[in-house]
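The structure under discussion appears below in the form of structure tokens.
The values are calculated or read from the model by the stated rules, or taken from the named source; none is laboratory data. Computed from a prediction, not measured in an experiment: that's the story for all the values here. Methodologically, a virtual Cβ is constructed for each residue, glycine included, from the backbone with ideal geometry; neighbour enumeration extends over all protein chains shown.
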Amino acid sequence: MKRFRAYLPFALNTFQRMLAYRANVIIFMVGELAILVVSFFLWRAVFQSSPEQVPQGFSMQEMYLYIFITFLTGLMTSVDISFDIAREVKDGTIAINLIRPISYEKRMLFQALGGVLYNFVVIFLGAFILVNSIHYGTTGTLLLGNGPLYALSMLLGLLINFYFSYTFGLLAFKVTNMWGVSQIMGAISQLLSGALIPLVFFPGIFRSIVEKLPFGSMIYTPTMIYLGKLTGQEALEAIGFQFFWLLVMMLLSKAMWRIVVKSLTILGG
């Protein structure tokens, strides 16, 4: 605990910085709200034109709920550490950060947790209660029974996404400008994580491949557990699969670190 206590200031600093720059968050939320509205009308058009009443096991109301829950889960699991690493390499501050007597990996983890804490306090908590209140008002039931498994799955999704972003960000040690590559990877991650389309809607062979990748463990798995689409043995197997990918990404990040830290060109500072 003493070791981790040394990294708490990094989380608090990120939290305070995000509080200070509220305009950025407001602009971000307006953009995300626009995506939600577009998704709402897009899926309504899909269901109205579909000959099936419940395509792929989703009713229209469940799809609306899926859209909101994936949005909230994405807020709690998405971390863009790769941008922070690329910025430090580009402006030269990486030189100072690497000689500090602390773990670079743990420092980045706590910076990410600071952003997650901000999203939880400012956005997630109120929006989560609101979504459940609306669902209870229309159906008379609460979706809290799967809460503990959802929370565990979401935590695993956060850690998987962190180590994926961290490993990807370490490429900045070799690839000087990561902006274009990061944009492509972000788009791929959004699509394959289930944030835009539930993975059950993907065609057979492609769906089988995507379900074996780590992206679905970040957003899709926690969402499906919360909605009750994954229960019992299926839910436990999905969480076990998340543990598997977390271990893989942790080992991959350590291997990547050993490779890239041996040589680094400092551009700034």
> Do any helices (runs of 4 or more DSSP H) lying entirely in the range 9-107 carry at least 1 residues that are among the basic types (K, R), on the phi < 0 side of the Ramachandran plot and touching a residue at least 40 places away in the same chain (Cβ under 8 Å), and which ones are they?
Replying inline: 81-91
> Does S82 satisfy the condition of being farther than 25 Å from L125 by Cβ and modelled with pLDDT of 80 or more?
Replying inline: yes
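Okay, residues lined up against (1) touching a strand residue (DSSP E or B) at 6+ places or on another chain (Cβ under 7 Å); (2) loosely packed, with under 13 Cβ neighbours inside 10 Å; (3) closer than 20 Å to N161 by Cα:
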| residue | (1), (2), (3) |
| --- | --- |
| V25 | no, no, no |
| V46 | no, no, no |
| G57 | no, yes, no |
| I67 | no, no, yes |
| M76 | no, no, yes |
| R87 | no, no, yes |
| A95 | no, no, no |
| P101 | no, yes, no |
